[in-house]
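In what follows, a single structure is set out as structure tokens and then discussed.
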């Protein structure tokens, strides 16, 4: 679980809402209309009850266009069912796509077959998707809940069974906050408070110096979020999974330099953390062998999970892949692709 450090972050407020909305990230104690554990008044909450965003549509034809399987342990690869061994895969984190089946054999590529008994059942692909942001901006920070929960009725309290049950990835407004034992509790509704550990929020940033493309993305390693911009305007936001502590995603300013609709990724051969992933979708390399890409093998967005790459859901990766396509002029040698700015807004603690 990752804590959210106490950061004061500027907002650009363009909604004509009550004055209290213009100081959305002020502590409740500093707001004249905020009444301790009661939080902001009902009139403020009612004026903006939920984030004004447009979720990306989840298309089954996009995320279920392949049959994915995980391989159990080491396996020999044969040229035909029951034929000669032409290759092998060691034990590790290995996923394949099914081309066809024949009896007790599964084809995973041209002239490559493995016993079907070495494969798992269907992989459960994430149906999560990010959001398009309104042109006028958001009057309050938006966040996603990071686990199934019921909000507490007061800051620092236990989950209240009388509060609504919120599924993981629920989008919420962060109206204000109160501090308990040095940690923030965000008000997300009337009598509804959530600990900072249990949300991942988006906060647009000014365009960093050195960004030289119209379209660019910012990856916040602390919040595990990605925001896409057109010049100074944020247009899209989502959750990501960056590199684990052992394989960190590098901070800095990069450009997308190579793109593949599908590509195979593998690494750490003969090591305990060996991985081999067939047909990784919507891949955009930006820092050596580190890429933005779609992910079919986990649904852990909002937490670090990778060997350095920036994992996104298939839905989100396809949107970013299409959106960045026109940033590069392929008739111009070495024309840079969309900029990728990787930074940390706080200190991540696993």
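Quick notes
- Hull volume in cubic angstrom per residue (convex hull over the Cα atoms of segment 215-343): 105 Å³
- Principal-axis tilt of helix 314-323 within the chain, Cα atoms, nearest 10 degrees: 80 degrees
- Diffusion constant of segment 67-150 at 4 °C, which comes from Stokes-Einstein with the Kirkwood Cα-pair radius and 1.567 mPa s, µm²/s: 81 µm²/s
- The chain, helix-only ellipticity at 222 nm - DSSP H runs n ≥ 4, -39,500 (n - 2.57), divided by all residues, nearest 500: -1500 deg cm²/dmol
- Each label was represented as a point 7 Å from its Cα along the Cα-to-Cβ direction; for residue 347 and residue 54 these points are 4.2 nm apart.
- The relative contact order of segment 215-343, computed from alpha carbon pairs under 8 Å that lie at least 6 residues apart in sequence, is 32 percent.
- Legend: calculated FRET efficiency, residue 85 to residue 212, from the Cβ-Cβ distance at R0 = 56 Å, rounded to 0.05, equals 0.65.
- A simple packing score, the average count of other Cβ atoms within 10 Å per residue, orders the peptides 195-208, 216-229, 276-289, 101-114 as 216-229, 276-289, 195-208, 101-114, with the highest score first.
- Length, then width, then depth: along the principal axes, the Cα atoms of segment 109-215 run 61, 47, 26 Å.
- Across the chain, counting alpha-carbon atoms alone, Rg and Dmax equal 22.5, 77 Å.
- Sites residue 127 and residue 230 - FRET efficiency at Förster radius 35 Å, r taken between beta-carbons, to 0.05: 0.85
- For segment 96-140, Kirkwood radius (reciprocal of mean inverse C-alpha pair distance, Å): 14.1 Å
All of the numbers you see were taken from the coordinates with simple rules; none came from a lab. Since the structure is predicted, the reported quantities are computational estimates derived from the model, not experimental observations. Using ideal geometry, Cβ is built from the backbone for each residue, glycine included, and neighbour counts are taken over all protein chains shown.
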